[in-house]
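Here is the structure we will look at.
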Amino acid sequence: MKIDFEQQDIETIALRVAEILKPVISKNDRSGGVDMIFDVKGLASYLHVNENWIYQRTRKQEIPYIKKGKYCLFKKSAIDAWLNEDIVKPILPFKMKKDRLRHSDL
């Protein structure tokens with residue numbers, strides 16, 4: 001059985017689904033839709049590192065930060081993106097053929 005929907009029906013369904021999911025999405029969004037800002041101490045806690053490590057990275061301009069006067073501030077979204085740049089994907093183990101294994105033993 002095939003059902004054809006009008007564009008207006010599809011939009012109505014999409015709006016209703018979004019309305020139903022809104023409480024679930026907002027419950028999972030802990031920042032309340034606002035990008036969280038860390039100071040050095042807060043970022044060190046978030047990353048589970050020493051504050052000196054944060055200062056070293058800012059001096060070398062290795063970590064994204066905002067400088068406001070004497071304060072270094074960090075946007076959570078920028079830090080998360082920075083962290084994701086260095087994700088190392090696991091290498092899948094390869095299977096050696098038995099005959100290759102025998103030749104390597106010689």
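Test Lys75 against the criterion of being in contact (Cβ under 8 Å) with a residue 40 or more places away in the chain and among the charged types (D, E, K, R), and give yes or no. Yes: the conditions hold for Lys75. Kindly list the number of the only condition in (1) over 17 Å from the mean Cα position of the chain (by Cα); (2) in a loop (DSSP other than H, G, I, E, B) that fails for Thr58. Every listed condition holds for Thr58 apart from (2).
Each value in this text was obtained by applying a stated rule to the coordinates, not by laboratory testing. Bear in mind that the values here come from a model prediction, so they are computed numbers and not experimental data. Because the Cβ atoms are built from the backbone with ideal geometry, glycine has one as well, and the counts that use them run over all protein chains shown.
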